[in-house]
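*Asks:* Just dropping this structure here.
The values are calculated or read from the model by the stated rules, or taken from the named source; none is laboratory data. All values derive from a computational prediction rather than experimental measurement. Please note: Cβ atoms are built from the backbone with ideal geometry, for glycine as well, and neighbour counts cover all protein chains shown. Each accessible area value is taken on the protein alone, full model and side chains, heavy atoms only, with ligands, DNA and RNA left out. Shrake-Rupley method; radii C 1.70, N 1.55, O 1.52, S 1.80 Å.
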2 protein chains.
Amino acid sequence: MKLKQAGILSFALLAGQFCFGQTAISNDFKPSTLNQPFQQYPQVNSQGYARFKIKAPQADSVRVSLGLGGRGGTLLTKGADGYFTGTTEGPMDEGFHYYHLTIDGGTFNDPGALNFYGSTRWESGIEIPAHDQLFYALKNVPHGNVQQILFHSKSTSSERRAFVYTPPGYEKNTSTKYPVLYLQHGWGEDETAWSNQGHANLIMDNLIADGKTKPFIIVMTYGMTNELKWGHVKDFKIDPFQTVLVDELIPYVDAHFRTIADRKHRAMAGLSMGGMETHTITLNKPDIFSSFALLSGGIYKPAELEGKTKPDLIFISCGSRERPDGVKKAVNELKSAGYNAVSYVSQNTAHEFLTWRRSLHELAPLLFRK
Amino acid sequence: MKLKQAGILSFALLAGQFCFGQTAISNDFKPSTLNQPFQQYPQVNSQGYARFKIKAPQADSVRVSLGLGGRGGTLLTKGADGYFTGTTEGPMDEGFHYYHLTIDGGTFNDPGALNFYGSTRWESGIEIPAHDQLFYALKNVPHGNVQQILFHSKSTSSERRAFVYTPPGYEKNTSTKYPVLYLQHGWGEDETAWSNQGHANLIMDNLIADGKTKPFIIVMTYGMTNELKWGHVKDFKIDPFQTVLVDELIPYVDAHFRTIADRKHRAMAGLSMGGMETHTITLNKPDIFSSFALLSGGIYKPAELEGKTKPDLIFISCGSRERPDGVKKAVNELKSAGYNAVSYVSQNTAHEFLTWRRSLHELAPLLFRK
């Protein structure tokens, strides 16, 4: 007995030494909450490490696109059982991350993980539990619905899709009309992003249950009318999408949902490229929206707003690993120029969805208060 | 010029001979309608052949699970450009098919195709255009919505999801109440199947636009409360799901949607294992549903129905490649015993979604007529 105990202790010390001063990797790995049903991998631990396990007995090489930047991700090691396994070299930022596998030179998804539309393809997704994850958790509170609508678009000769969040109570309070937030995804994403990656509906359900925001409708549609490849975001032409949004979708929503159909009760927000869209369309169409929000998607300058109807709110946010100083400076300039402007910086996050979940959580209570 | 023309002709003849009497493969391949945006492969031709192209430069072997049965699918051939390509040995049945790739012994999805939940995993999907595809096409007609609802389930201590199709006009006709069809997926699928693979909403939109069916609500939820692996479908216990459906979901739907909340205006249908569920629950709870439909999911025997309130309709269907004689015989026996029973056989389809799309298209106009 004594020998055995000594043996265990000595092994632990050796393991500690082996880490050369690094914190040891905690062994509390659990399946990611975004795994497919019944799938044990990928796993994440309480420190933010991610561990992968991929079956490919005859493959030579399996690499995961996640891990330390600039080193090509995490190369997995092949075991005698035909499984490739590996752990990220360091902990990752809290929140949602897109990823994919490179198997013998080809790009594939992890069969253990759910897929999310980003980079113009359905990619694997993994969730590093955030310390504040409860604000977007699925709880036993009254839930709003996310409705898929299909609307005819004359300008593009197509039937187009949007998702509409209606808050809890919408079906019952049949004499109540609601304000509307038009909420755009980023480049390479689509109208599914704010529900699937962003949990916009759960964020709203929880805020409403806590009495922290007025109930309002959120409309999420596809913000592209043409193909855009990497590096060509600046070639994006706003006009066709602006027509779909302003001349087709808004009238459809106002005709089919109980909205308060005026400028004062209509806001637009977007993340990344959706922020560019928000910036351009709110300036092009100053009579349509009263509140504007850019999430990791640029800034407004006071000069751009001069001579237009004053917005009720300008909200600008980003992650602390982006350009928080630019955001704060822009908001200070807007405030000095007399605008109701608010900045928000998400701590320890980059250009990723936890930044935008948190931004929506901060933005919602500020909307439609005037 | 003459030589060149002769050369082309002779090549065509040789190609014809090479087919050994088979019809030549038509070269009108087009991207499958279920491809991811901007993806050119997989492709299908007018005869029902499917062609695949997968990039995996260092892989040894790529196989597609589709193709002729019993031969392990279609083995792709590696080209000098690092792409594996290949065409199914023969034409496939019209309609939707699940598939996956086997790359060096591991199971992955085709990065070109959209994914659909089946076999308890998100699988690739491909669509062989059917001669009658217009009945489930996305057309410029008034569209109903598909609403994601989240309801609390006391019996399973969880928040559960369902999708609710509300017909066109539901938001406007606020004094109208609607009948409800509860529609179940098959084994290994989930509540997304009837919308994604089945196009249930588009089938209804088109039928309603043509005046061929009364508008009604469809509710689709997850029909499993425990894990079931291959070959263990007979171990399935209906009680926990029956409780969720009858005691939790139906009251939630009746409280949150404008339903006619009585037996006469409530139907249940299911495909495959969803048919087993429909069979059992409609017999266990004869006061809840008035119309029953089994799509490739078993039959009712007159003796099972004796002494119970008579159903208004019993609908039993399958594909012609399943057991159509069993379906017709069962319906004849029900008719002889005085029941309003209808059979339907989908021509040239097997245990797959085109059978069930067509079945729903036949079933809907027969519902809620009494």
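*Asks:* Do the conditions hold for B:Pro251, that is, is it modelled with pLDDT of 95 or more, under 17 Å from B:Thr282 (Cα atoms) and assigned to a helix (DSSP H, G or I)?
*Replies:* Spelling it out, B:Pro251 is indeed modelled with pLDDT of 95 or more, under 17 Å from B:Thr282 (Cα atoms) and assigned to a helix (DSSP H, G or I).
*Asks:* Another question, if that's okay. Tally time: how many residues in the stretch A:223-248 are open to solvent by 60 Å² or more (accessible area, probe 1.4 Å) and modelled with pLDDT of 95 or more?
*Replies:* The number of residues fulfilling the criteria is 1.
*Asks:* Considering only residues that are closer than 17 Å to A:Met224 by Cβ and either of a type in the set (Ser, Thr, Tyr) or outside the structural domain of A:Pro240 (by TED's automatic domain parsing) (or both), which ones fall in the stretch A:148-173?
*Replies:* A:Ser153, A:Ser155, A:Thr156, A:Ser157, A:Ser158
*Asks:* Which residue out of A:Arg357, A:Arg323 is basic (Lys, Arg) and open to solvent by less than 10 Å² (accessible area, probe 1.4 Å)?
*Replies:* A:Arg357
*Asks:* Hey, another quick one. Within the stretch B:187-205, which residues are open to solvent by 30 Å² or more (accessible area, probe 1.4 Å) and either part of a loop (DSSP other than H, G, I, E, B) or in contact with a Cys (Cβ under 9 Å, 6 or more places away or on another chain) (or both)?
*Replies:* Across the stretch B:187-205, the qualifying residues are B:Trp187, B:His199.
Residues checked against (1) open to solvent by 10 Å² or more (accessible area, probe 1.4 Å); (2) in contact with a Pro (Cβ under 7 Å, 6 or more places away or on another chain); (3) charged (D, E, K, R):
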{"position": "A:Gly274", "(1), (2), (3)": "no, no, no"}
{"position": "A:Lys285", "(1), (2), (3)": "yes, no, yes"}
{"position": "A:Leu294", "(1), (2), (3)": "no, no, no"}
{"position": "A:Tyr300", "(1), (2), (3)": "no, no, no"}
{"position": "A:Glu304", "(1), (2), (3)": "yes, no, yes"}
{"position": "A:Leu313", "(1), (2), (3)": "no, no, no"}
{"position": "A:Thr349", "(1), (2), (3)": "no, no, no"}
{"position": "A:His361", "(1), (2), (3)": "yes, no, no"}
{"position": "A:Arg369", "(1), (2), (3)": "yes, no, yes"}
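*Asks:* If you don't mind, another one. Of (1) small (Gly, Ala, Ser); (2) facing chain B (nearest Cβ under 10 Å); (3) touching a residue at least 12 places away in the same chain (Cβ under 8 Å), A:Gly106 satisfies all except one. Which?
*Replies:* Among (1) small (Gly, Ala, Ser); (2) facing chain B (nearest Cβ under 10 Å); (3) touching a residue at least 12 places away in the same chain (Cβ under 8 Å), A:Gly106 violates only (3).
*Asks:* Oh, and also: Just a yes or no: is a residue in the stretch B:52-64 closer than 24 Å to B:Asp93 by Cβ, away from chain A (no Cβ under 14 Å) and modelled with pLDDT of 95 or more?
*Replies:* No: the stretch B:52-64 contains no residue that is closer than 24 Å to B:Asp93 by Cβ, away from chain A (no Cβ under 14 Å) and modelled with pLDDT of 95 or more.
*Asks:* Filter the stretch A:33-89 for residues that are touching a strand residue (DSSP E or B) at 6+ places or on another chain (Cβ under 9 Å), of a type in the set (D, E, K, R) and not in a strand (DSSP E or B) and give the result.
*Replies:* A:Asp60, A:Asp81, A:Glu89
*Asks:* If you don't mind, another one. Just to be sure, is A:Phe84 under 21 Å from A:Ser320 (Cβ atoms), at pLDDT 95 or above and among the aromatic types (Phe, Trp, Tyr)?
*Replies:* no
*Asks:* Starting from the stretch B:130-153, take each residue that is modelled with pLDDT under 95 and list its partners that are surrounded by 15 or more Cβ atoms within 10 Å (Cβ to Cβ), counting only C-beta distances under 7 angstrom and pairs at least six apart or across chains.
*Replies:* none
*Asks:* Another one. Check the stretch A:129-137 and report whether any residue there is under 30 Å from A:Arg51 (Cβ atoms), away from chain B (no Cβ under 13 Å) and among the polar types (S, T, N, Q). Let's see the steps before the verdict.
*Replies:* Filtering the stretch A:129-137 for residues under 30 Å from A:Arg51 (Cβ atoms) gives A:129-137.
Narrowing further to those that are away from chain B (no Cβ under 13 Å): A:129-136.
Filter once more, keeping what is among the polar types (S, T, N, Q): A:133.
Among the residues of the stretch A:129-137, at least one is under 30 Å from A:Arg51 (Cβ atoms), away from chain B (no Cβ under 13 Å) and among the polar types (S, T, N, Q), which makes the answer yes.
*Asks:* Exactly one condition in (1) surrounded by fewer than 16 Cβ atoms within 10 Å (Cβ to Cβ); (2) more than 13 Å from chain A (Cβ to nearest Cβ); (3) of a type in the set (A, V, I, L, M) is not met by B:Ile208; state its number.
*Replies:* Unmet condition: (1).
*Asks:* Working carefully through the options B:Val44, B:Val64, find the one that is among the aliphatic types (A, V, I, L, M), open to solvent by less than 60 Å² (accessible area, probe 1.4 Å), in contact (Cβ under 8 Å) with a residue 60 or more places away in the chain and under 29 Å from B:Tyr136 (Cα atoms).
*Replies:* None of the other options fit; the residue is B:Val44.
*Asks:* Let me ask something else. Out of all the residues in the stretch B:337-344, is one or more part of a loop (DSSP other than H, G, I, E, B), hydrophobic (A, V, I, L, M, F, W, C) and in contact (Cβ under 8 Å) with a residue 60 or more places away in the chain?
*Replies:* The answer is no; no qualifying residue exists.
*Asks:* Residue check: is A:Thr120 facing chain B (nearest Cβ under 10 Å), open to solvent by less than 40 Å² (accessible area, probe 1.4 Å), in contact with a Phe, Trp or Tyr (Cβ under 8 Å, 6 or more places away or on another chain) and not basic (Lys, Arg)?
*Replies:* Criteria met by A:Thr120.
*Asks:* Okay, next question. With respect to A:Thr77, is the statement that it is open to solvent by 10 Å² or more (accessible area, probe 1.4 Å), β-branched (Val, Ile, Thr), within 12 Å of chain B (Cβ to nearest Cβ) and under 23 Å from B:Ser61 (Cα atoms) true?
*Replies:* When the stated conditions are applied, A:Thr77 does not pass them.
*Asks:* Checking the conditions here, which among B:Pro142, B:Pro167 is out of contact with any Lys or Arg (no Cβ under 8 Å at 6 or more places or on another chain), over 18 Å from A:Leu138 (Cβ atoms) and open to solvent by less than 10 Å² (accessible area, probe 1.4 Å)?
*Replies:* After ruling out the rest, the residue left standing is B:Pro167.
*Asks:* What do you reckon, is B:Leu150 open to solvent by 20 Å² or more (accessible area, probe 1.4 Å), among the aliphatic types (A, V, I, L, M) and facing chain A (nearest Cβ under 9 Å)?
*Replies:* No.
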